[in-house]
C-alpha cells in the first residue's frame, strides 16, 4: 500500500461517542435542552458526503482510507509494516440508549488491505471475533495484543489462513467485563486502552497500572503509573503523553518508575505534568441561533491524542493532536501555538454519527 504523504490520523468516531448516562431512573423526565424547532436537520451521510463537512487548517488535507461496510464501529487500529491496517471493531457498543446487549460477543478484529495501491482499503478479513467490547490493539511478535476486558490476549495466526488460531491470556485485570446488572462498573470511558509499544521496550496502556514486554521466551509484567483516560502516545525523546476528559495534555517528563522508587516522595515533580496551560475550547457553531459562542470546559471533552513526525510545516515541530467530543475538534498543539481542525458531525435519525477511518 502506498502511504499518504499527508498526516495519518485516525478519526475513530465511535471511540469519541459518549457513553450513555448511568443512573437514570425508569420514568424519569428528560427535559429538552434545545427546542426541537431550533435543531437543524441531520440526515445520515455517506462517507464521501461526510468528507465534505470537514474544515481543515491551511496545509492539511483529509483522505478517506476505509468506511462502512468494509469496517464498522472502529475504536482502535494499528498499521502493520506491510501497510495493512488492523482495526478493532466495538460492534456491541450502545445498541440502544440503555446499552442493551453490550455484554454480547459482537466485537472483532479485522485486517484491511489496499490491494490495488490507490491508498484506500478494499479488502477486509476477520482475524478474531467473538469479543465483548474490545478496545485496544498493538502488533508484536508476529501477532497482536488485543484488549477485551477483563482480558488482554496475545493472538497469532500460525497456519497462514488469516485467522487467529493461537490465543494466549496475558492478563485478567484489563478492565471490567460488561455486566448489565452493574453498568457503572464497566464504563467504556474508564477501561484500559491504547496499547503503546514504547522506546524502552515495554508496552503501556492508558488508564492501567501494568506494562508488558517479551523477555526470555515469555511475557513479563511490570508495574507503572496510571495515566489518563483514553489515549496514550510518546514523542521522540520517550516522554509519555496522555489526557483526560478535563485536560488537553499531560506528560511524564521524567520516567515515572524513577520517581516512584522513593515511597516518601508523595508528589514527585516531573510526572503527570500539565502541558497545556490553556484549557478553554471555543465553540464556533454552524448554527449560532441555538448554540452561543462560549468557552467550553466540558467534562468528557477530550479523548484520543497522538504525535506525528511527518508534518511539512516550518512552524510545527513534532505536533500533538487531541480529539474533542462535544466541540467536535481536532486540537493541534506545537511550539506554543495551537490550531483546530473541525468536523461538523451530523447525526442520523438514530443518533449515530457517520463512521469511517480517515487520514488527515
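The values are calculated or read from the model by the stated rules, or taken from the named source; none is laboratory data. These numbers come from a predicted model, not from an experiment. Glycine also receives a Cβ, built like all others from the backbone with ideal geometry; neighbour counts cover every protein chain displayed.
Looking at segment 84-111, which of its residues are in contact with a strand residue (DSSP E or B) (Cβ under 9 Å, 6 or more places away or on another chain) and at pLDDT below 95?
92, 93
Within segment 127-135, can one find any residue that is surrounded by fewer than 19 Cβ atoms within 10 Å (Cβ to Cβ) and assigned to a strand (DSSP E or B)?
Taking every residue of segment 127-135 in turn, at least one turns out to be surrounded by fewer than 19 Cβ atoms within 10 Å (Cβ to Cβ) and assigned to a strand (DSSP E or B).
Looking at segment 112-124, which of the residues that are surrounded by fewer than 21 Cβ atoms within 10 Å (Cβ to Cβ) and closer than 22 Å to residue 161 by Cβ is farthest from the chain's Cα centre (by Cα)?
Across segment 112-124, the extreme among qualifying residues is 115.
Among the residues of segment 156-179, is any at pLDDT below 90 and loosely packed, with under 14 Cβ neighbours inside 10 Å?
Checked against the condition, which is being at pLDDT below 90 and loosely packed, with under 14 Cβ neighbours inside 10 Å, segment 156-179 yields at least one hit.
Tell me which of these residue 190 doesn't satisfy, since it passes every other one: (1) within 28 Å of residue 248 (Cβ to Cβ); (2) modelled with pLDDT of 95 or more.
(2)
Do you know which residues across segment 194-220 are farther than 21 Å from residue 87 by Cα, part of a loop (DSSP other than H, G, I, E, B) and in contact (Cβ under 8 Å) with a residue 40 or more places away in the chain?
200
Take residue 147 and tell me if it is closer than 30 Å to residue 253 by Cβ, in contact with a strand residue (DSSP E or B) (Cβ under 9 Å, 6 or more places away or on another chain), part of a strand (DSSP E or B) and in contact (Cβ under 8 Å) with a residue 12 or more places away in the chain.
yes
Specify the residue that is surrounded by the most Cβ atoms within 10 Å (Cβ to Cβ); the eligible residues are those in segment 180-189 that are outside any loop (DSSP other than H, G, I, E, B) and in contact (Cβ under 8 Å) with a residue 24 or more places away in the chain.
Applying the filter and picking the extreme gives 188.
Among the residues in segment 19-28, are any at pLDDT below 90, within 24 Å of residue 230 (Cβ to Cβ), touching a helix residue (DSSP H, G or I) at 6+ places or on another chain (Cβ under 7 Å) and not in a strand (DSSP E or B)?
Checked segment 19-28: at least one residue is at pLDDT below 90, within 24 Å of residue 230 (Cβ to Cβ), touching a helix residue (DSSP H, G or I) at 6+ places or on another chain (Cβ under 7 Å) and not in a strand (DSSP E or B).
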